[in-house]
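Below is one structure, written out as structure tokens, with a few remarks after it.
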There are 2 protein chains.
Amino acid sequence: MNTIEVFLESKKVRPTAMRMLVYKYMTQSNVAKTLGDIENAFTKADRTTLYRTLKTFEEKGIVHQVDDGTGTIKYALCEAGCNCDIDRDLHLHFHCSNCRETICLTEHKIPQINLPDGYVAEDMNLVVKGICEHCSGQ
Amino acid sequence: MNTIEVFLESKKVRPTAMRMLVYKYMTQSNVAKTLGDIENAFTKADRTTLYRTLKTFEEKGIVHQVDDGTGTIKYALCEAGCNCDIDRDLHLHFHCSNCRETICLTEHKIPQINLPDGYVAEDMNLVVKGICEHCSGQ
DNA sequence: CAATAAATGCACTTCTATTGCATGGCTACT
DNA sequence: AGTAGCCATGCAATAGAAGTGCATTTATTG
């Protein structure tokens, strides 16, 4: 039993070979991935399987969706202990317009927002676009 | 010369009949509209024309895109004097998960965000999801 | 081992965004 | 006014991603 297997089981996800590979792939960078990215990384696997794997991961709190405004949904690992809880877990995402990658800035929580009366917040998404550390240092 | 015509010309957009209608339509609510919404409002117009009208408006600073996470792009009028300037013009958007409408909260600017060294911000997008004033008051 | 449930793979559909090309109308210039 | 050329419009087709239905394989449980 390797650690990935143990982890997936702790999340109530049956640790199939494919799921372990996808999870491992996600851990290898903090860059959010599209379904297409993952598809390219695992050419032997079917798109639908990967699609449903990500949906399952999302339901079980293993990954969260990132909508960075490019029009295609990306996925990134949740932090340890994350419940995607408003006020606590929501971090911001940075989209680099040069390398087109989207990075989770998990240390940077979304600041408190005051809404007008009558509005109830349940979730929020903050994406900052610009030039990332790597691309600006050139 | 009506005011819409004058306005469009001031933005260097030739005021065609179609463009004036679309602009007028946009002024009638502060709810962001998808291309599909506009298409339904003007059944006689071609989808492509509306699409390109919005693109033109966007380029000329008349509307801005709103990405509320529903997967379809929406458009909303820029405020008067808006340059979509970071630090000044960026307001937040509220997406109601009940009525599924997205509202520009133009009075609510996005708070100052601190980024790690090396990151340069050029634009940002903040969407709060939840229940809007109208839907929560029921 | 049989029965059942879950995961996978394939094909297809849907929805939106986007582009190419032909046509029509307006503008500007002579 | 006549004409060339640009810009706007409309139609048709494509692209790209998300999502669904169904058959098949794999795994689990008794």
>> Between B:Glu133 and A:Thr72, how high is the FRET efficiency from 1/(1 + (r/R0)^6) when r is the Cβ-Cβ distance and R₀ = 41 Å? Nearest 0.05.
In response: 0.85
> Just how large is the dipole of region B:3-136 about the Cα centre, in debye to the nearest 20, putting +1 at every Lys and Arg Cβ and -1 at every Asp and Glu Cβ?
Replying inline: 620
> Once you charge only the Cβ atoms, +1 for Lys and Arg and -1 for Asp and Glu, what is the size of the charge dipole of the protein assembly as shown about its Cα centre, to the nearest 20 debye?
Replying inline: 1000
> Here are some pairs, A:Lys24/A:Lys109; B:Lys11/B:Lys44; A:Lys11/A:Lys129; which of them have Cα atoms lying more than 29 Å apart in this structure?
Replying inline: A:Lys11/A:Lys129
>> Between A:Lys60 and B:Gln112, what is the label-point separation in nm under the 7 Å Cα-to-beta-carbon projection?
In response: 4.4
> Tell me, in nm to one decimal, what length is gained between A:Asp89 and A:Met20 on full extension, where the rule is 0.36 nm per residue of separation less the Cα-Cα distance?
Replying inline: 22.4 nm
> For A:Glu107, what is the net charge nearby, where nearby means another residue's Cβ is under 13 Å from its Cβ and Lys, Arg count +1, Asp, Glu -1?
Replying inline: -2
> If you wrap a convex hull around the Cα atoms of region B:3-136, how much volume per residue is inside, in Å³?
Replying inline: 132
> Which whole number gives the average count of other chain Cβ atoms within 10 Å of the Cβ atoms across peptide A:71-78?
Replying inline: 1
> Efficiency by 1/(1 + (r/R0)^6): what FRET value for B:Val120 and A:Gln28, r their Cβ-Cβ distance, R0 = 22 Å, to the nearest 0.05?
Replying inline: 0.30
> Across the residues of B:99-109, average count of Cβ atoms on other protein chains within 10 Å?
Replying inline: 1
>> At 7 angstrom along the Cα-to-beta-carbon line, where would the label on B:Lys24 sit relative to the other copies? Give the distances in nm, shortest first.
In response: 6.4
>> I need the calculated FRET efficiency for the pair B:Asn2 and B:Arg100, taking r as the beta carbon distance and R₀ as 30 Å, to the nearest 0.05.
In response: 0.35
> Can you give the mean number of other chain Cβ atoms that lie within 10 Å of the Cβ atoms in peptide A:110-118?
Replying inline: 5
> So how do B:121-132, A:95-106, B:28-39 stack up, highest first, on mean other-Cβ count within 10 Å?
Replying inline: B:121-132, A:95-106, B:28-39
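Laboratory data are not the source of any read-out in this text; all were calculated from the coordinates shown. Because the structure is a prediction, the values reported are computed rather than measured. Backbone-built Cβ (ideal geometry, glycine too); neighbour counts: all protein chains shown.
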